[in-house]
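> This is the structure, below, for whatever I ask next.
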Amino acid sequence: MRDAQRRREIRDYYLGISADEITSHLTPASFDLWESIARYRRELRIGARWLEIGGGMGDLAAAALDRGYDVLMTDVQAELLDTAAARHPRLRTRLRRADIFDARDVAALAARGPFSIVAAVGAVLNHARDQRELARGFDHLVALGEPSSLLIVDLMLSEMFAGHPASVWADFLHVLPGFGDLARLTRAFGLHVLEAHSLYHRYPPTAACDREFDERMLRLFFHKRSPARPPRGAARSPVRESRRARPAPRRRAPTPDGDRPGTRRAGRRRPRA
């Protein structure tokens, strides 16, 4: 029931915002996303197979297609995929409903891979229900990339918010890993950090939350240098669920109906590529 409510909150939020609020790939002025990707493709000999997780209305996927990438875009919400197809008709055959936290969905994606570039921008991993699920989603992202692939991930981290909360509520729940959790995940998968950029957005109050929200997250470029790990139970799924990469469990994040002391609540508009 909680998961169904979470999906409704995410769906209602993203279907309720305007197109100009979901262009996080255009927001940073300090670097150019496409220039960085092109440079790493040259230097690391990375291919053109592009997988985007949580693509929303398809703007980033369409831009990648225009630049010659072989694009597959996913989102957990069928309504958003319909919107992406209407907004960018050339994406119609390149859209798939998938939940990055669901091993069965990821297994189906893996059958169409592996992929040279895996992008999860707009803090998709922070949409997890808890810390364990977030680590599992990170595991899945890495497994979907081929050896020597490029991963582009946006993450909101606990230390970027006052009081270092384990979660924030802003239109819907966002689970926050810490820098230590990120370091453990990076080491566990043998990833090399190529670039990291701090992104900042201030959003006004919304109907769901009555305060301004200063959203802070990192955009990280990872190089996957080692081959994908063998699956646990190949007949069940080609994606292994890593225990080593999971952060220690934290307290249950509060909901808007029952905030506990120390919980951060704020109104927000999320950029979504």
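The values are calculated or read from the model by the stated rules, or taken from the named source; none is laboratory data. The shown structure was predicted, so the numbers you read here are calculated from the model rather than taken from an experiment. Every residue, glycine among them, receives a Cβ derived from its backbone with ideal geometry; neighbour counts consider all protein chains shown. Note: areas computed on protein heavy atoms with side chains; ligands, DNA, RNA excluded. Shrake-Rupley method; radii C 1.70, N 1.55, O 1.52, S 1.80 Å.
> For Ala48, what residues show an amide H to amide H distance below 5 Å, using hydrogens built from the backbone and excluding near sequence neighbours?
none
> Placing +1 on the Cβ of each Lys and Arg and -1 on the Cβ of each Asp and Glu in the stretch 80-126, which of Val121, Ala111, His88 has its Cα farthest towards the positive end of the resulting dipole?
The residue sitting farthest along the positive end of the dipole is His88.
> Based on the mean of other beta carbon atoms within 10 Å per residue, what is the order of 133-142, 60-69, 77-86, most packed first?
133-142, 60-69, 77-86
> For Arg87 and Ala48, compute 0.36 nm times the residue count separating them, minus their Cα-Cα distance, and round to one decimal in nm.
Numbers: separation 39, 0.36 × 39 = 14.04 nm, distance 2.32 nm.
Between Arg87 and Ala48, full extension yields an extra 11.7 nm.
> Next up: Mind ordering 190-197, 120-127, 96-103 by average Cβ neighbours within 10 Å, highest first?
Working: 190-197: 14.6, 120-127: 24.4, 96-103: 18.9.
Going by the mean number of other Cβ atoms within 10 Å, highest first, we get 120-127, 96-103, 190-197.
> Rounded to the nearest 10 Å², what accessible area does Ser148 have for a 1.4 Å probe in the complete protein model?
40 Å²
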